[in-house]
Amino acid sequence: MMGNWTNFEFETPLFLWGLLILPFLIFWFYYSHKKSTASLTVTTVSGFKLKKSILAQLKPLLYVLKIVAIALLFIALARPRNVEVSKKTKSNKGIDIVMAIDVSGSMLAKDLKPNRLEALKEVAADFVEKRPNDRIGIVVYAGESFTQTPITSDKGIVARTISEIHYGQIEDGTAIGMGLGSAINRLKDSKAKSKVVILLTDGVNTAGFIDPRTATELAKELNIKVYTIGIGTNGMAPFPYAKDRAGNLVYRRQKVEIDEDLLRHIASETNGKYFRATNNLKLESIYEEINKLEKTKIEEFKYYNYQEEYRIYVIAALVLLLLEYVLRNTLFKSFI
């Protein structure tokens, strides 16, 4: 009578309380049957040869049929049914994100492990994986800038792009204004309801022909929010400064310099936020916070398909009542 138990429910379960009267009905049937049974008192039964009829012994079956029929009717009133639920999700608040990544030589500094650039690539890839409903693009910059991947919803392409980022692919330097400008250029024609740039650098603006503050004003006009991240420890850090005869980088300790005032200004003017990543864990937590701040609104639609099961209970109850009526007026008629 019932389908999949996992999807089974009662629409009006209050009627199931009616099953509590069954014990009272059983008692009433038993009491009325005993009361209606004739009895004869004799001093001795030695002269009688008793032979109990099978039908007489089966007579309580009539009461059982009634009880079961009543129970089935209460279950039917509770409206048993199977429910199939299908889900469909819809994103109604798309977010377009461009990550502007500094790939200058200082990003090889080893204050983050194994170095700043590799630490960033790992965290950025994880960030992309957690944004399945957004479009993401990648801009890299050093002495100049270029778009490594246009804004796309294909996370496989974005992840592959991040993994291929390396030092030396463009002229060295730190052109923060150009990196921000390229990211803004990617977003200026976006139709998304929210447009975000995540700008990461580990230095000060030393190159490029675009002033970072000018780029900031443009982002502000286009309603593009900029989160800025300064990456690097406080104090001294091992920086690469030359290569040995084997071509391996040689490191020496020098002071970490990050233009935090500029990064704070960019974030403040565009309603973003400035972060400082001094180690791997801090960098991870920054991207986690940005992930929480820029939530894509997802609507979930559920479609319900109901398969009513009460009819089979009603039919079964009627069959039992009909059977009881037929038996009572045929086989058991002489015992009632």
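The table for this structure:
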{"read-out": "Matching residues in the stretch 156-180 - criterion: being within 23 Å of Asp211 (Cβ to Cβ) and part of a loop (DSSP other than H, G, I, E, B)", "value": "Ile170, Glu171, Asp172, Gly173, Thr174, Ala175"}
{"read-out": "Among residues of the stretch 152-191, those that are exposed (fewer than 14 other Cβ atoms within 10 Å of the Cβ), over 34 Å from the mean Cα position of the chain (by Cα) and either within 23 Å of Ala219 (Cβ to Cβ) or acidic (Asp, Glu) (or both), counted", "value": "1"}
{"read-out": "Residues within the stretch 108-155 that are farther than 18 Å from Arg186 by Cα and part of a loop (DSSP other than H, G, I, E, B), tallied", "value": "12"}
{"read-out": "Tally, over the stretch 212-250, of residues that are outside any loop (DSSP other than H, G, I, E, B), over 18 Å from Thr201 (Cα atoms) and touching a helix residue (DSSP H, G or I) at 6+ places or on another chain (Cβ under 8 Å)", "value": "5"}
{"read-out": "Test: Arg253 is in contact with a helix residue (DSSP H, G or I) (Cβ under 9 Å, 6 or more places away or on another chain), part of a strand (DSSP E or B) and either over 16 Å from Met107 (Cα atoms) or not hydrophobic (A, V, I, L, M, F, W, C) (or both)", "value": "no"}
{"read-out": "Residue count for the stretch 267-286, restricted to those that are closer than 18 Å to Pro114 by Cβ and either out of contact with any strand residue (DSSP E or B) (no Cβ under 8 Å at 6 or more places or on another chain) or among the charged types (D, E, K, R) (or both)", "value": "6"}
{"read-out": "Identity of the residue in the stretch 90-125, out of contact with any Phe, Trp or Tyr (no Cβ under 7 Å at 6 or more places or on another chain) and acidic (Asp, Glu), that ends up farthest from Asn248 (Cα to Cα)", "value": "Asp96"}
{"read-out": "Any chance Ile97 is assigned to a helix (DSSP H, G or I) and crowded, with 17+ Cβ neighbours inside 10 Å", "value": "no"}
{"read-out": "Residue in the stretch 277-291 that is more than 29 Å from the chain's Cα centre (by Cα), surrounded by 12 or more Cβ atoms within 10 Å (Cβ to Cβ) and more than 30 Å from Ala76 (Cβ to Cβ) present", "value": "yes"}
{"read-out": "Test result for Ile75, aliphatic (A, V, I, L, M) and closer than 30 Å to Thr12 by Cα", "value": "yes"}
{"read-out": "Residue among Lys295, Lys333, Lys282 that is out of contact with any Lys or Arg (no Cβ under 7 Å at 6 or more places or on another chain) and modelled with pLDDT of 95 or more", "value": "Lys282"}
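Okay, residues lined up against (1) within 21 Å of Glu122 (Cα to Cα); (2) of a type outside the set (Gly, Ala, Ser); (3) assigned by TED's automatic domain parsing to the domain that holds Met99; (4) free of Cβ contacts under 8 Å to residues at least 40 places away in the same chain:
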position	(1), (2), (3), (4)
Gly181	no, no, yes, yes
Ser194	no, no, yes, no
Val197	yes, yes, yes, no
Arg213	no, yes, yes, no
Thr216	no, yes, yes, no
Asn234	no, yes, yes, no
Phe239	yes, yes, yes, no
Asn248	no, yes, yes, yes
Thr270	no, yes, yes, no
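The values are calculated or read from the model by the stated rules, or taken from the named source; none is laboratory data. A quick note: this is a predicted structure, and the numbers were derived from the prediction, not measured. Neighbour counts are summed over all protein chains in view; Cβ atoms, including those assigned to glycine, are modelled from backbone coordinates with ideal geometry.
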